[in-house]
Amino acid sequence: MPPARRRFSAACTPGPTLIAASEPVPNIRLIYSSTAAGGMTYGTLVEIMDHAQTRNVERDITGILCYGSGEFLQALEGDRRAVNTLYHAIVRDPRHLACQLISVEEIEARAFPEWTMKVVNWEDGDTARRRAVLQADTGSDVFAPHAMTAAQSTAFLLHLAELERELAGD
């Protein structure tokens, strides 16, 4: 005998709330990881990020990118459509391999409002303090974004941003 069919009344199952074209689209934070294609140097990364910063001003996108050992961990914040468009371009970019979407969430306020794109080279600068932040948020002192959970990557990037602001104030 076939399984019983479940019936749902329209009154019991509300559909999605659609955003009218005239309403503002919510801001989101999108976090992803990827592996750099061969030949990526920090100098190349800085050139790419200089171009990205200019484009992000136009798109009203802010964020932070952490690069080390050939891996990226990036948070993008802004209008949902703009962030999604940028993320899909990154996925198609041959310089990024194995893109993994880690988290997407609506946000009330941006965590990185002053940076159109803050670049943190994991192997440069105050590595001991950065590793302490990584250890506290992920339980590891090895920068491995592909292994981070959504909660770990979010906490790490938020705390790393605090450290970067502190280092910039020194």
Can you confirm whether the range 142-152 contains a residue that is at pLDDT 95 or above, open to solvent by less than 30 Å² (accessible area, probe 1.4 Å), small (Gly, Ala, Ser) and not in a strand (DSSP E or B)?
yes
Show the residue pairs that are 6+ apart or on different chains and have beta-carbon atoms under 6 Å apart, the first residue being within the range 37-57 and more than 18 Å from GLU71 (Cα to Cα), the second being of a type outside the set (Asp, Glu) and part of a helix (DSSP H, G or I).
none
Please give the number of the condition GLY68 fails out of (1) within 14 Å of the chain's Cα centre (by Cα); (2) surrounded by 19 or more Cβ atoms within 10 Å (Cβ to Cβ).
(1)
Taking GLY68 and the conditions (1) without any contact (Cβ under 8 Å) to a residue 40 or more places away in the chain; (2) under 23 Å from THR41 (Cα atoms), which numbered condition does it fall short on, given that it satisfies the others?
(1)
By residue number, the members of the range 96-114 that are aliphatic (A, V, I, L, M), in contact with a helix residue (DSSP H, G or I) (Cβ under 9 Å, 6 or more places away or on another chain) and on the phi < 0 side of the Ramachandran plot are LEU101, ILE102, VAL104, ALA111
Within the range 46-65, residues open to solvent by 40 Å² or more (accessible area, probe 1.4 Å) and of a type outside the set (Asp, Glu) come out as VAL46, ILE48, HIS51, GLN53, THR54, ARG55, VAL57, ARG59
Going through the range 57-66 in order, the residues found to be part of a helix (DSSP H, G or I) and touching a strand residue (DSSP E or B) at 6+ places or on another chain (Cβ under 7 Å) are ARG59
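The values are calculated or read from the model by the stated rules, or taken from the named source; none is laboratory data. Treat the numbers as computed from the prediction; the structure is a model and nothing was measured. Note: ideal-geometry Cβ built from the backbone for every residue, glycine included; neighbour counts use all protein chains shown. What goes into the accessible areas is simple: the full protein's heavy atoms, side chains included, and nothing from ligands, DNA or RNA. Shrake-Rupley method; radii C 1.70, N 1.55, O 1.52, S 1.80 Å.
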